[in-house]
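So the structure is just underneath, and the comments pick up after that.
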Ligand SMILES: Cc1cc2nc3c(=O)[nH]c(=O)nc-3n(C[C@H](O)[C@H](O)[C@H](O)COP(=O)(O)O)c2cc1C
């Protein structure tokens with residue numbers, strides 16, 4: 001397959017994830033290109049079978065330029081699109097507060113991608129997100145407006161500064177291969193999805209009818225189960 005990993009980055013976090021996905025695609029024997037979005041024309045994506053589109057989260061959503069790029073994609077494209085995002089807020093797991101903050105501060109990225117793809121008839125193949133170290137200025141803004149409590153801040157800052165970690169990159173690679181995160185278990189002991197769903201690069205099983213967000217987890221577990229039998 002011809003794979004494109006297209007990304008936007010300001011401080012390098014999303015680029016690090018993009019490189020991991022690129023390496024994974026190449027190691028699976030695919031012809032894979034790694035390009036910055038600003039060097040691409042939306043029409044050129046038609047040359048590819050799968051496009052991984054990556055961006056940092058800005059103001060809870062995709063950065064404006066990335067949104068414009070996605071909105072400029074040709075309708076009814078022949079390629080599938082999978083998204084990946086880095087964000088400074090918490091992952092949507094753990095405490096209610098963390099889930100709520102994730103929703104508030106990074107919750108629009110996935111719906112923006114899904115809705116735009118749906119409107120254009122582009123099959124949406126999955127979504128990966130992980131934390132990414134904020135710049136000093138954004139860190140200060142987060143402390144002033146979101147994580148004000150000194151104890152919570154003292155826990156949050158040293159942790160977020162480590163991301164994307166080697167484990168994040170391993171998950172990004174797993175996402176590129178199959179969409180299921182084998183390393184993270186949910187409460188029922190089943191593998192949790194990273195927002196990813198369809199088997200993107202390795203097993204050639206993009207489902208005909210792509211699932212809604214609500215169905216995502218079940219389908220991924222189903223894929224995992226059928227692979228192990
Ligand atoms: C202008 C700007 C706005 C941001 N807004 C958010 C936000 O709303 N939510 C969030 O979780 N992170 C936000 N961040 C943090 C970045 O998403 C995060 O640090 C990301 O990993 C940076 O990726 P990059 O190094 O590829 O640019 C923002 C960063 C910038 C520069």
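For residue 104, the conditions (1) surrounded by 13 or more Cβ atoms within 10 Å (Cβ to Cβ); (2) in a helix (DSSP H, G or I); (3) within 16 Å of the ligand (Cβ to nearest atom) are fulfilled apart from (1). Filtered by the rule that a residue be surrounded by fewer than 20 Cβ atoms within 10 Å (Cβ to Cβ), under 18 Å from the mean Cα position of the chain (by Cα) and more than 16 Å from the ligand (Cβ to nearest atom), segment 1-14 gives no residues.
Looking at 129, 135 in this structure, which one is in contact (Cβ under 8 Å) with a residue 40 or more places away in the chain and buried (at least 22 other Cβ atoms within 10 Å of the Cβ)?
Testing whether each residue is in contact (Cβ under 8 Å) with a residue 40 or more places away in the chain and buried (at least 22 other Cβ atoms within 10 Å of the Cβ) leaves just 129.
Residue pairs whose Cβ atoms lie under 7 Å apart, separated by 6 or more positions or on different chains, with the first residue in segment 51-76 and farther than 11 Å from residue 113 by Cβ and modelled with pLDDT of 95 or more and the second assigned to a loop (DSSP other than H, G, I, E, B) and within 11 Å of the ligand (Cβ to nearest atom), are 56/9; 56/10; 56/63; 56/132; 60/107; 60/108; 63/8; 65/8. Listed by first and then second residue, the pairs linking a residue in segment 14-31 that is touching a residue at least 12 places away in the same chain (Cβ under 8 Å) to a residue that is assigned to a helix (DSSP H, G or I) and within 15 Å of the ligand (Cβ to nearest atom), with Cβ atoms under 6 Å apart and 6 or more places separating them unless they lie on different chains, are 17/172; 20/169; 20/172; 21/172. Scanning segment 84-103 for residues that are more than 17 Å from the chain's Cα centre (by Cα) and in contact (Cβ under 8 Å) with a residue 40 or more places away in the chain yields one hit, 101. Of note, residue 82 does not satisfy the criterion of being at pLDDT 95 or above and outside any helix (DSSP H, G or I).
Out of all the residues in segment 44-51, is one or more touching a helix residue (DSSP H, G or I) at 6+ places or on another chain (Cβ under 9 Å) and over 21 Å from residue 105 (Cα atoms)? Within segment 44-51, one or more residues are touching a helix residue (DSSP H, G or I) at 6+ places or on another chain (Cβ under 9 Å) and over 21 Å from residue 105 (Cα atoms).
Within segment 133-175, can you find the residues that are closer than 23 Å to residue 28 by Cβ and in a helix (DSSP H, G or I)? The answer is 166, 167, 168, 169, 170, 171, 172, 173, 174, 175.
The set of residues from segment 60-74 being part of a loop (DSSP other than H, G, I, E, B) and over 16 Å from the mean Cα position of the chain (by Cα) comprises 72, 73, 74. Checking each residue of segment 75-83 against the condition of being near the ligand (Cβ under 10 Å from one of its atoms), under 21 Å from the mean Cα position of the chain (by Cα) and surrounded by 17 or more Cβ atoms within 10 Å (Cβ to Cβ) gives no match.
For segment 15-56, filtering for residues that are within 15 Å of the ligand (Cβ to nearest atom) and crowded, with 24+ Cβ neighbours inside 10 Å leaves 8. Restricting 136, 120 to residues that are more than 14 Å from the ligand (Cβ to nearest atom) and over 12 Å from the mean Cα position of the chain (by Cα) narrows the list to 120.
The values are calculated or read from the model by the stated rules, or taken from the named source; none is laboratory data. Keep in mind that what you see is a predicted model, and the values were worked out from it rather than measured. For neighbour counting, all protein chains shown are included, and Cβ atoms are generated from backbone atoms with ideal geometry for every residue, glycine included.
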